[in-house]
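Structure first, commentary second.
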Amino acid sequence: MKINAVIFDMDGLLINSEPFWAQAERRVFSSVGVELSDSLCEKTASMTTREVAEFWYARFPWKHKSIETVENEVINYVDELIQKNGQPMTGTKEILSYFHKKNYRIGLSTNSPFRLIATVLNRLDIAPYFHGISSSEHVERGKPDPAVYLSTLKKLGAHANECIAFEDSVSGVAAAKAAGMQTVVVPAPHDFDNPAYSLADMKLRTLLDFPMA
């Protein structure tokens, strides 16, 4: 079947927000006595915000604040950082414009909380491009489970075999493939040679490297 839809991940793919998450988590978790190690942070990088909070609480249980409160403090700080300093990844506006001109249905599937989606889309001035958005906050499980992709496919009225997914993480690629989609991955430069990305159908250095002929 002909490809007529695309779905994008958000953090680390459309917006350079990964450093904001690291900054927010270090500030908030240190305030409750948790000192984050780089090795453990790598394990939490692809988790939902609630999963991250539960992960650290299980290892270093804190007092006086609920897991939900700490989770919301992280989200609030990331929201603030994006509004002030958020910048698009290389090729974000070019590739969205390309698919828009081709009349593709364009969707978004992210593990980030739903309220951050509007912050990102407004900061980057790309909201009008999207026909359907989904956050793992509103499905049973986040990536690598395919639920957040299946949700967006339904909103777009698209079939998996008519859609390309764009991702930047191993768990995101696994989610998209599990949903039945062709997948393009744009890894972080330091992780580009990770053999786990062989699951994707195409691997690029930046979104600009996608063949937009």
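Things worth noting here:
- Label-reachable residues, segment 12-38, where backbone N falls under 20 Å from a point 7 Å from Thr90's Cα toward its Cβ: 12-20
- Computed label-point distance, nm, for sites His138 and Phe114 using a 7 Å Cα→Cβ extension: 0.4
- Cα shape, segment 82-143, gyration tensor, a/c 1.5 rule: oblate
- Between 0 and 90°, nearest 10: helix 92-101 axis offset from the chain longest Cα axis: 40
- Leading residue at positive end of dipole, the chain (Cβ point charges), from Val32, Gly107, Gly91: Gly107
- Loop chymotrypsin sites (Phe, Trp or Tyr not before Pro), segment 154-198 (other Cβ atoms within 10 Å of the site Cβ: 13 or fewer; DSSP): Phe192
- Principal-axis tilt of helix 147-156 within the chain, Cα atoms, nearest 10 degrees: 40
- Crossing angle, helix 114-124 versus the chain [Cα axis fit, 0-90 degrees, rounded to tens]: 60
- Across all directions, the average flat footprint of the convex hull enclosing the Cα atoms of segment 92-213 is 7.3 nm².
- The antiparallel fraction among DSSP beta bridges confined to the chain stands at about 5%.
- Here the chain is treated with +1 on each Lys and Arg Cβ and -1 on each Asp and Glu Cβ, and its dipole about the Cα centre works out to around 540 debye.
- For Lys203, the lysines whose Cα falls under 18 Å of its own Cα, not counting residues fewer than eight places away in the same chain, are Lys177.
- Relative contact order %, segment 164-213, counting alpha carbon pairs below 8 Å whose residues are six or more apart: 34
- Entry comment: accessible area of the chain is 49 Å² per residue, from protein heavy atoms only and a probe of 1.4 Å.
- Within the shell of other residues whose beta carbon sits under 13 angstrom from the beta carbon of Lys93, the net charge comes to 0, with Lys and Arg scored +1 and Asp and Glu -1.
- Value of relative contact order over segment 15-79, rounded to a whole percent, pairs C-alpha under 8 Å and six or more apart: 42
- Among (1) 212; (2) 121; (3) 112, the entry derived from the coordinates for volume of the Cα convex hull per residue in Å³: (3)
- Mean Cα-pair separation over length for the chain, i.e. relative contact order, pairs under 8 Å, 6 or more apart, %: 25
- For the chain, carbon and sulfur atoms together expose 51% of the accessible surface, with a 1.4 angstrom probe and every protein chain in place.
- Dipole magnitude (debye, nearest 20) for segment 121-213, charges at Cβ of Lys, Arg, Asp, Glu: 160
- Of interest is the spacing of the C-alpha centroids, which for segment 153-213 and segment 39-77 amounts to 27 Å.
The values are calculated or read from the model by the stated rules, or taken from the named source; none is laboratory data. Predicted model, so just to flag it, every value in this text is computed and none were measured. Here the Cβ is made from the backbone with ideal geometry for all residues, glycine too, and neighbour counts use every protein chain on show. The area values use the complete protein model at the heavy-atom level, side chains included, leaving out ligands, DNA and RNA. Shrake-Rupley method; radii C 1.70, N 1.55, O 1.52, S 1.80 Å.
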